[in-house]
Amino acid sequence: MNLQSAQVDTPSLLARARRGDQAAFASLIRMHQASVFSIGYRMLNRRDAAEDLAQDVFLQLYRKLDSIESVEHMGFWLRRVAANLAIDWLRRAAYARVAPLEDGAEIPAPQADEDPLMDRELVRLLGELAPAARAVMVLRYQEDRDVAEIAATLDMPVNTVKSHIKRSLTAMRGKMIGAQLITAEELP
Amino acid sequence: MNEVEELLRRALRRVEPPEGFAERLVRALPQVTPANVMALRAARKATPVSAWRRFSAPAALAASLLVAVFTGQHLATLKAEREEQAGLAASRELMQALRVTSQKLDLAYEAVQRPAPAPTAEEENRS
């Protein structure tokens, strides 16, 4: 099955995957793999760990397909499981000792108006945040989710999510000014 | 903060997993469908539980409690017996000590009561 036709009819893909159609399930994976893998990668800062996490998440999805109500619900479910699993892994000693950004960490190929050094520094600063705050920032700025959905995804009060965003932005801005990546006048 | 937010959105673009990720994952899937998993779960829930399996855990718990109570009682009895025997031994030792002291006192009393021998002539001349 090619991906284009899979995207046209995702509800039927979901139904077929529930009946054990592995090609349909592979199409569902392809539709969501970048989101799930990137959540793991931004949270754990390691490609191998992100791949392990994504595999765990999709295997859990396979077992729970009968409880997935719709394609939208599947997206929410995947983000929720990926973010919470990454927070759990980060709290384990093995991942807590990982440096904030592994050497050679992947930054997507820059586009014309982009600054790879700035991107790398921002990802490094993100890696310095506590696991819950990091998850909030990844869901907000990578996945472009609103505050209410982030709160539901992470089982967190809305005000806590707002507070994490505000404090994280302030801390990152301060460090960027300190590192002379931006000047105080550049920002309101 | 708007500019930092824009910079973050740009830096946090999604990253694709390694080539062939979905195919590898599907090949590793267990050979049961989600529907089979649900059916197995439902069947497991519906299976009647035997009387032995239903009561084995409470019975084991009750037996453990009884063993603990009897062991505790036995240990308490042993401790009381040991204390009683130690008390008796101490009492015996005290009585023995008193008997020895009494005998020594009797000897001392007899020595005091015995009349002193009369002085000899040589002793009288010296004085």
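Rule-based calculations on the coordinates, nothing more; no lab input. Note that the coordinates shown come from a computational prediction; the quantities given were computed from them, not determined experimentally. Don't worry about glycine lacking a Cβ; one is built from the backbone with ideal geometry, like all the others, and counts go over all protein chains shown.
Ranked by the mean number of other Cβ atoms within 10 Å of their residues, highest first, the peptides B:6-12, B:67-73 fall in the order B:6-12, B:67-73. Per-residue mean of foreign Cβ neighbours for A:11-22 is 2 (Cβ atoms of other chains, 10 Å radius).
Inter-chain neighbour count for A:48-56: the average number of beta-carbon atoms from partner chains within 10 Å of each residue's beta-carbon is 2. Counting beta carbons within 10 Å around each of A:Val36, B:Val100, A:Val71 and listing the fewest first gives the order B:Val100, A:Val71, A:Val36. Neighbouring Cβ atoms from other chains, within 10 Å of the Cβ of residues in B:17-30, number 6 on average.
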